[in-house]
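Notes to accompany the following structure.
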Amino acid sequence: MNVEATIFIVDDDIAMRDSLALLLGLKGFKTQIFANADNLLSAYSPKWFGCMLIDVRMPGISGLDLHAELSKRGSDIPVVIMTGYGDVATARVALKAGAADFLEKPIDDAVLIDVLRSAIDAHATLRQTTPVARATQQLTTREQQVLDLVENGLHVKQIAEQLGISPRTVEVYKSRMTQKLRIRDGD
């Protein structure tokens, strides 16, 4: 386990927060606890490393809305959603939004530890990749194909011929790629 990693627990239930922090502390995890989403957002830093363990139902900003806000802020920290009121629809929304996992309370200790370790490992791997490598993961399959052909030195007309699309469509893909990769023409 990475000793620099922290589990950021967000739950309005003080007993749940404290019991999770105690359990995780005994298992060697460093924790930080927050009573609600606003408290976490006030303290949030993009430099945080580890995993967030967020309850779905909280007064004010819900766990799903907190996850969405973190995504808007460009957070790369994995989020594990937990709830005592789990249903398939909520799990689907959470996972579709990019949650690392979805756990129902009461949470089995062994499952929780396994999920958190996996999320921390994924975060460590993500942080070790270069910014360009991370950005290229955001490309669609077609954008990646265009990028590969550009890297091979092909011009727009050649790319269009090879992919069976119009040169204008290639230009659109190139434009989207430069936005996603945050590069300027000529770089």
Checklist line | Amide N of the stretch 79-117 lying under 20 Å from the label point, which is placed 7 angstrom from the Cα of Asp65 along Cα→Cβ | finding: 79-87, 89-99
Item checked: Choice from Pro167, Pro106, Pro46 with maximal GNM fluctuation in the chain (Cα, 10 Å cutoff) -> Pro167
Next item on the list: Quick one: order Ser75, Ser166 from most to least accessible surface, probe 1.4 Å.
Entry: Ser166, Ser75
Item checked: Pairwise FRET efficiency - Leu26 versus Thr136, Cβ, R0 = 35 Å, nearest 0.05 -> 0.30
Note to self: Using amide H atoms built in the peptide plane, which far-off residues or other-chain residues are under 5 Å from Thr31 H to H?
What the structure shows: Ile7
Next item on the list: For the chain, with all protein chains present and a 1.4 Å probe, just round the carbon and sulfur fraction of the accessible area to a whole percent.
Entry: 51
Margin query: Tell me which DSSP H helices of the chain clear both cut-offs, 20 Å or more of axial length from alpha-carbon atoms and a mean Kyte-Doolittle hydropathy of at least 1.6.
Written below: none
Checklist line | Local net charge near Pro167, Cβ-Cβ under 11 Å (Lys/Arg +1, Asp/Glu -1) | finding: +1
Next item on the list: Kindly report the accessible area of the chain per residue (heavy atoms of protein chains, probe 1.4 Å, no ligands, DNA or RNA), in Å².
Entry: 58
Notebook entry, point to check: Using the Cβ atoms and a cut-off under 13 Å, what net charge is assigned to the surroundings of Ala97, where Lys and Arg are +1 and Asp and Glu are -1?
Noted result: 0
Next item on the list: With no solvent and one equal point scatterer placed on each C-alpha of the stretch 38-121, evaluate the Debye formula and give log10 I(q)/I(0) for q = 0.16, 0.23 Å⁻¹, two decimals.
Entry: -0.58, -1.21
Next item on the list: Subtract the Cα-Cα distance of Asp109 and Arg168 from 0.36 nm times their separation in residues, and report this length gain in nm to one decimal.
Entry: 15.8 nm
Check: Of Leu20, Leu163, Leu126, which is the most mobile in a GNM of the chain whose springs link Cα atoms less than 10 angstrom apart?
Finding: Leu163
Next item on the list: Using a 1.4 Å probe and counting only protein heavy atoms, arrange Thr125, Thr178 so the residue with the most accessible area comes first.
Entry: Thr125, Thr178
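The values are calculated or read from the model by the stated rules, or taken from the named source; none is laboratory data. Keep in mind that this is a model prediction, so the values were computed, not measured. No Cβ is skipped: glycine too gets one built from the backbone with ideal geometry, and neighbour counts run over all protein chains shown. Each accessible area value is taken on the protein alone, full model and side chains, heavy atoms only, with ligands, DNA and RNA left out. Shrake-Rupley method; radii C 1.70, N 1.55, O 1.52, S 1.80 Å.
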